[in-house]
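None of the figures in this text is laboratory data; all of them are computed from the coordinates on show. Quick caveat, the model's predicted, so the values are computed rather than measured. Quick reminder, even Gly has a Cβ in these numbers, built from the backbone with ideal geometry, and neighbours come from all protein chains shown.
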Amino acid sequence: GVERRRVRKWHHRGGRIRRAAVHVDGRMHLVLDPIGRVVRLHAKSVRLSQREFEVLHCLTSREGRPVSATVVLGYVWGDNPRRVQSREILDVYIFNLRKKLKKLGLSDAIRTVRSYGYALVPSTSKD
């Protein structure tokens, strides 16, 4: 099966120590740090915006299964109808996330599922 685990870490931030769950995606060996909004793959890491981090977390939590754009929008922006939620905005975040994942050596890791949404799939670039 797919190895998934949560690791508890203590972080010192703003004069207070805070506990955060670090999400580990065992299929792709990605480590997501919610405090620093950093994604790591082996020795490389990139910093993500809050929304990029939430999109990636949503995709990793589905273990490679396709996720509808509606589900991702709800996960990231919530069910608040006053928030701007559109597929075009999500597409921009996916585009930026793809560029950042490529810096980790992952190309085409986020697959578009036509007329549905996205899936995170293991893929290594030769860069």
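Packing-wise, with mean Cβ within 10 Å as the measure, how do 100-110, 35-45 rank, highest first?
Details: 100-110: 18.0, 35-45: 15.2.
With the highest mean Cβ count within 10 Å placed first, the list reads 100-110, 35-45.
Quick one: net charge around Pro66, please, counting Lys, Arg +1 and Asp, Glu -1 for every other residue with C-beta under 14 Å from its C-beta. With Lys, Arg at +1 and Asp, Glu at -1, the neighbours total +3.
Karplus-derived 3J(HN,Hα) values for the stretch 51-68, using 6.51 cos²θ - 1.76 cosθ + 1.60 with θ = phi - 60°, are 5, 4, 4, 5, 4, 5, 4, 4, 5, 5, 6, 9, 6, x, 6, x, 10, 5 Hz; glycine and proline are entered as x.
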